[in-house]
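The next block holds one structure in the form of structure tokens; read it before the comments.
The values are calculated or read from the model by the stated rules, or taken from the named source; none is laboratory data. Please read these numbers as outputs of a predicted model, since none were measured by experiment. Backbone-built Cβ (ideal geometry, glycine too); neighbour counts: all protein chains shown. In case anyone asks, the SASA skips ligands and DNA or RNA and just uses the protein heavy atoms, side chains included. Shrake-Rupley method; radii C 1.70, N 1.55, O 1.52, S 1.80 Å.
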Amino acid sequence: MQNSEIARMFEELADLLEIDGANPFRVRAYRNAARTITGLTDSLADLAADDSCDLSSLPGIGKDLAAKIVAIVETGQLEQLEDLKQKIPAGVSDMLRIPGLGPKKVAVLFHELSIDSLDKLREAATQGRIAETKGFGKKTQETILAEIDRVAEAGTRFHINIAMDEAEQIASDLAQLKSVGQVQVAGSCRRRQETAGDLDVLITSDDSTEAMDTLAAHQRVEKVLARGETKQRVRLRSGMEMDLRVVPAESFGAAMQYFTGSKEHNIVIRRRAVERGLKLNEYGLFRGEEYIAGATEEDVYREVGLPWIPPELRENRGEIELAEAGELPQLIELSEMRGDLHMHTTASDGTASIEEMAAAARDRGLEYIAITDHSKRVTMANGLDADRLRKHWAEIEAINARTEGIEILKGIECDILEDATLDLPDDVLAEADWVVAVLHYGLKQPQEQIDRRLRVAVENPYVHAIGHPTGRMLLRREGAHLSFEQLYELCAQHGVMLEINAHPSRLDLDDIHARAAREHGIPIVINTDAHSTSGFDVMQYGVFQARRAGLSAKDVANTRTLKQFRKLLRTAK
Ligand code: DGT
Ligand code: CA
Ligand code: CA
């Protein structure tokens, strides 16, 4: 259990208490607790497991809170929160996700208008009943109508990191059982899509009872929604739902192929089977009644005249043609990453020092990093002006000189301002080893202005890359509207790289644009945007996105050695 999950529980508890009309001091105490926990650098789970450590000795954590944290770490839940969840329908907390609706307003909607779901909220807003309610106005009602569909959809999908963590944890627990043979995660999760609607787990077993009983009693499972002979559907505490399917070993490959999808990919594979006089379904490949293959995916693909196709490519976007021609790319692997060129320290809004970030990166096997704190426009994140930045760079140089085993580049994440100028003057940028330019503000400007801003950045002689090019936040907000064609042409012309930001809520560029960028000859960089030492963990999601784009190591600049990378920087600009 991570600190962020524990903090989220206290945040949720505070929200529900406030909706429930609890004493404001109690509500505030739990909000403060959440903030305190977020700021801790040590893992609470580790500390709680250590008998010699007293959590209440940590700043801001009293006896009551310490006991609750221990209970969360031990049981995975907070009893008070579970009680409140029984009392307040889940649809009520869903409303909190609409911008402008905090616990106070939601409490009014719930207690006075009896609205307890997004559907009822939509209905009330459509009828104009929200605007008539005291404390609400026309503007709130309009926001509700504008945001509710997005919020409703976001509630039904989950970021890849959450989905993979849930699926893999449960899969590995099922794998421990005597009656269970193979266990694999299928569906969108296996294809490493940006978000997952539900989880699909397949196991082989002759008797499904033990597996299904275990799943029903699993700590992460809230409720069994359906249970049959070979299929069980459950809802997890996270809100995500999961299908478990039990298949015989001779069908495992066929079932994996079928339930990995995508539907679009499967349609073509099935057609190829039919063309060969075969029938393909989740049980196997058949000629008439006769079973031909199905134990492994390789067998299935071979029988339809194809090599095995990596799941990340299974979207019917050209992968079947490449497979047929024997031209499937050698997809990039996490272990091929040598550098990380986007991260923050305590100089702006990171939680670790330059040394701590460098040590953590080295521990993960990276050979070089660029420290790219925010520029001054990002006041909220304590962004750096020219003076502070130069001092920061001097410190980076000094630390780099005395640090072994990793090279630390002097970088900056420089804002591209709303008026299409850069946040720092050229003479400062010229002193950097690495400049990544980004849009943070004014993402909703008309496309012409966004295009103008990107043009200025790419044409600047000191900018090396554009970071998280669209600025989107998955399931939260759309990115800027921009001309990708213009961006590709300019980047190719000026030797500017494009980033796949690996953070699971960004994954920006997406697979389609990363592929197009590669086709324009633009080097891609995959960066974590780490704000703490654990922030490096997300590199894998960026690599997944690159794999979905069909990229190989050679397409990704930070798979090169530092020497080769520097050479690429020089020849590119
Ligand atoms: P998700 O859950 O929305 O993130 O996406 P998936 O791809 O995991 O979709 P899901 O869970 O509905 O089904 C898992 C896979 O099973 C899907 O990728 C392909 C296969 N599948 C499910 N229903 C059908 C179907 O009606 N036709 C075909 N050809 N395949 C299906
Ligand atoms: Ca699924
Ligand atoms: Ca499913």
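Taking the Cβ-Cβ separation of Glu327 and Val268 as r and a Förster radius of 22 Å, what is the calculated FRET efficiency to the nearest 0.05? Provide the component values of the computation, followed by the final result.
Details: r = 17 Å, r/R0 = 0.76.
That gives a FRET efficiency of 0.85.
Please report the antiparallel percentage of DSSP beta bridges with both residues in the chain, rounded to the nearest 5.
Working: 25 of 54 bridges.
For the chain, the DSSP antiparallel bridge percentage is about 45.
If you count the DSSP beta bridges with both ends in the stretch 334-572, what percent of them are antiparallel, to the nearest 5? Let's see the in-between values first.
Values: 3 of 26 bridges.
Expressed as a percentage, antiparallel bridges in the stretch 334-572 total about 10.
Taking +1 at the Cβ of each Lys and Arg and -1 at the Cβ of each Asp and Glu, which of Tyr291, Gln219, Val106 sits farthest along the dipole of the chain towards its positive end, judged by Cα position relative to the Cα centre?
Sorting the options by dipole projection puts first Val106.
Where only protein heavy atoms count, and the probe is 1.4 Å, what is the accessible area per residue for the stretch 3-154 in Å²?
Numbers: 8160 Å² over 152 residues.
Heavy-atom accessible area per residue stands at 54 Å².
When the helices in the chain are scored as -39500 (n - 2.57) per DSSP H run of 4 or longer and the sum is shared across all residues, what 222 nm value do you end up with, to the nearest 500 deg cm²/dmol? Before the final figure, lay out each step's value.
Numbers: 24 runs with 251 residues, N = 573.
Result for the chain: -13000 deg cm²/dmol, rounded to the nearest 500.
For Ala249 and Ile512, FRET efficiency with R0 = 41 Å and r from the beta-carbon atoms, rounded to 0.05? Present the calculation step by step, with values, prior to reporting the outcome.
Values: r = 37 Å, r/R0 = 0.91.
Step by step, r from the Cβ atoms, then E = 0.65.
Which percent of the accessible heavy-atom area of the chain goes to carbon and sulfur, probe 1.4 angstrom? Provide the component values of the computation, followed by the final result.
Working: 12550 of 25840 Å².
Here carbon and sulfur together make up 49 percent of the probe-accessible area.
Can you run the Rg to Rh ratio on the stretch 334-572? Use alpha carbon positions and the Kirkwood inverse-distance Rh. Display every interim value, and only then the final one.
On the way: Rg = 16.1 Å, Rh = 17.4 Å.
With Rh from the inverse mean 1/r over Cα pairs, Rg/Rh is 0.93.
Taking the Cβ of Lys120 as the centre, find all other residues whose Cβ is under 11 Å away and add up their charges (Lys, Arg: +1; Asp, Glu: -1). Kindly include the intermediate steps, with their values, before the conclusion.
On the way: positive: Arg122, Arg129; negative: Asp94, Asp116, Asp119, Glu123.
Cβ neighbours under 11 Å give a net charge of -2.
Quick check: residue separation of Lys444 and Arg237 times 0.36 nm, minus the Cα distance between them. What number comes out in nm? Present the calculation step by step, with values, prior to reporting the outcome.
Numbers: separation 207, 0.36 × 207 = 74.52 nm, distance 3.52 nm.
Additional length available on full extension: 71.0 nm.
Find out how many positive minus negative residues lie around Gly102, taking Lys and Arg as positive, Asp and Glu as negative, among other residues whose Cβ is under 9 Å from that of Gly102.
Details: positive: Lys104, Lys105; negative: Asp15, Glu18.
Cβ neighbours under 9 Å give a net charge of 0.
Where the Cα atoms of the stretch 454-508 are projected onto their three principal axes, how long is each span, largest first, in whole Å?
Principal extents (largest minus smallest coordinate, Cα): 34, 19, 14 Å.
Treating cross-link reach as a plain straight distance, find the lysines whose alpha-carbon is under 22 Å from the alpha-carbon of Lys410, omitting any fewer than eight places away in the same chain.
Leaving aside lysines fewer than 8 places away in the same chain, those within reach of Lys410 are Lys376, Lys391, Lys563, Lys567, Lys573.
Using a ≥ b ≥ c from the Cα gyration tensor of the stretch 482-573 (square roots of the eigenvalues), is it rounded, prolate or oblate, where a/c under 1.5 gives rounded and otherwise the larger of a/b and b/c decides, a/b for prolate? Don't skip to the end; give the middle numbers.
Working: a/c = 1.78, a/b = 1.24, b/c = 1.44.
Note, shape of the stretch 482-573 comes out oblate.
Give the calculated FRET efficiency between Ala398 and Asp419 to the nearest 0.05, with a Förster radius of 41 Å applied to their Cβ-Cβ distance. Mind showing how you got there, number by number?
Details: r = 36 Å, r/R0 = 0.87.
Computed FRET efficiency for Ala398 and Asp419 comes out at 0.70.
Hey, what's the stretch 251-324 come to in accessible area per residue, 1.4 Å probe, Å²? Working shown, then result.
Numbers: 3410 Å² over 74 residues.
Roughly 46 Å² per residue, with all protein chains present.
With a cut-off of 8 Å between alpha carbons and a minimum separation of six or more residues, what is the relative contact order of the chain in percent?
Values: 1052 pairs, mean separation 51.4, N = 573.
Relative contact order comes out at 9 percent.
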